[in-house]
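Quick notes on the structure that follows.
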Amino acid sequence: MMASSRFSNQLNLSGRRRRFAVSILVSALEEIKSSRAYPKKHEVLKTFKKQGGEAGCRFDNRPQMRIVGICGSPRKKLSRTGHLVREVLAGAQSLGADIDYFDLATLKIGYCNGCGRCHQLGECAQKNDFNSIFEKMMAADGLVLGSPVYISHVTGLLKNWIDHLANTIHCQRLLGKYGAVVSTTGGSGLKETADYLEWLLRHTGAQTVGRVVCRLGDGPIPEDAEPLREAKSLGIALAHAIEEGAEFPEQLKEHEEQRRYFREVIMNRQDQWDWEYRYWKEKGWA
């Protein structure tokens with residue numbers, strides 16, 4: 001392990017990429033040792049790059065990360081909230097992130113009907129666009145949620161998507177991921193809406209990095225407007241948090257408190273919610 005750590009240092013990797021590099025290097029060393037007692041450095045690097053390439057690892061010093069943005073505005077291409085979410089993603093992309101943007105107004109997601117199947121299946125039983133977004137979200141390292149303020153809350157469009165996250169919250173399935181939020185308004189309700197979105201992210205297991213909230217007039221956001229600069233900066237901060245494996249102690253404490261609460265809920269319903277009970281057992285929480 002000491003040799004693999006030394007080679008990862010020479011590759012100039014850090015944070016989560018360093019941990020990934022070490023695991024690949026260990027595999028590379030084992031492969032070469034099978035044919036030679038003392039592998040040379042260039043052989044290890046060659047094998048590492050071969051295996052890393054197959055696993056999607058990069059060697060240009062950019063963060064290896066994926067970030068998903070979701071906009072809950074019904075205004076599609078006219079959405080200023082969507083513009084800001086995309087700018088957050090652009091900030092992260094400038095540091096090498098792979099990004100995906102979902103406009104809920106263009107997708108089909110039915111209302112949650114309270115069937116409870118997600119507790120038994122680990123996914124929504126409905127056949128619509130929710131599960132395709134969820135798969136992308138689970139494969140990502142970061143999530144950006146955006147909503148304009150509708151009567152001091154998120155839009156119905158976004159709330160409908162959120163209503164499908166019961167299993168995600170029960171099992172903290174976004175644990176280890178990071179999030180950011182965007183909210184816009186023409187008047188009031190910014191704090192309430194952004195607070196709710198951050199609360200949601202924390203309850204899925206993610207840690208929140210920051211927010212962009214702003215009051216806007218009519219028409220598109222001017223290209224030189226401060227909110228766009230703030231959004232890009234937020235995306236950069238999100239990418240840095242992912243790269244560095246940042247920890248926010250108060251949020252981690254909240255995660256622990258939430259697990260204590262749901263432990264009793266899951267244990268009491270282990271027969272009905274068998275998928276969630278198995279997940280908790282695998283995590284060592286039950």
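The values are calculated or read from the model by the stated rules, or taken from the named source; none is laboratory data. This structure is a prediction, so every number in the text was calculated from the model and none was measured. Ideal geometry is used to build each Cβ from the backbone, glycine not excepted, and the neighbour counts take in all protein chains shown.
Mind checking whether some residue in the stretch 116-136 is surrounded by 15 or more Cβ atoms within 10 Å (Cβ to Cβ) and under 19 Å from Ala231 (Cβ atoms)?
No - not one qualifying residue is present in the stretch 116-136.
Would you be able to say whether some residue in the stretch 137-146 is over 23 Å from Glu243 (Cα atoms) and not in a loop (DSSP other than H, G, I, E, B)?
Within the stretch 137-146 (the criterion being over 23 Å from Glu243 (Cα atoms) and not in a loop (DSSP other than H, G, I, E, B)), the answer is no, since none of the residues qualifies.
Any chance you could count how many residues in the stretch 197-218 are under 16 Å from Ser73 (Cα atoms), in contact with a helix residue (DSSP H, G or I) (Cβ under 9 Å, 6 or more places away or on another chain) and either touching a residue at least 60 places away in the same chain (Cβ under 8 Å) or not aliphatic (A, V, I, L, M) (or both)?
So the answer is 4.
So is Tyr101 in a loop (DSSP other than H, G, I, E, B) and modelled with pLDDT of 95 or more or not?
Taking the combined requirement at face value, the residue does not satisfy it.
Among the residues of the stretch 148-159, is any assigned to a loop (DSSP other than H, G, I, E, B), hydroxyl-bearing (Ser, Thr, Tyr), more than 17 Å from the chain's Cα centre (by Cα) and within 18 Å of Leu84 (Cα to Cα)?
Yes, because at least one residue in the stretch 148-159 is assigned to a loop (DSSP other than H, G, I, E, B), hydroxyl-bearing (Ser, Thr, Tyr), more than 17 Å from the chain's Cα centre (by Cα) and within 18 Å of Leu84 (Cα to Cα).
Got a sec? Which of Thr208, Thr184, Thr193 is assigned to a strand (DSSP E or B) and more than 19 Å from the chain's Cα centre (by Cα)?
Thr184
Could we say that Thr193 is touching a Leu at 6+ places or on another chain (Cβ under 6 Å) and buried (at least 18 other Cβ atoms within 10 Å of the Cβ) here?
When the stated conditions are applied, Thr193 does not pass them.
When the residues of the stretch 228-249 are filtered to those that are under 23 Å from Thr184 (Cβ atoms) and touching a helix residue (DSSP H, G or I) at 6+ places or on another chain (Cβ under 6 Å), which remaining residue is surrounded by the fewest Cβ atoms within 10 Å (Cβ to Cβ)?
Residue satisfying both the conditions and the ranking: Ile236.
This table checks each residue for (1) under 23 Å from Trp285 (Cα atoms); (2) assigned to a strand (DSSP E or B); (3) free of Cβ contacts under 8 Å to residues at least 40 places away in the same chain.
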{"site": "Pro220", "(1), (2), (3)": "no, no, no"}
{"site": "Ile236", "(1), (2), (3)": "no, no, no"}
{"site": "Glu243", "(1), (2), (3)": "no, no, no"}
{"site": "Arg259", "(1), (2), (3)": "yes, no, no"}
{"site": "Arg263", "(1), (2), (3)": "yes, no, yes"}
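So Leu145 clears everything in (1) within 16 Å of the chain's Cα centre (by Cα); (2) surrounded by fewer than 22 Cβ atoms within 10 Å (Cβ to Cβ); (3) closer than 16 Å to His203 by Cβ except one condition, right? Which one?
(2)
Are any residues in the stretch 216-257 among the charged types (D, E, K, R), over 15 Å from the mean Cα position of the chain (by Cα) and either modelled with pLDDT of 95 or more or at positive phi (or both), and if so, which ones?
Glu226, Arg229, Glu230, Lys232, Glu250, Lys253, Glu254, Glu256, Glu257, listed by residue number.
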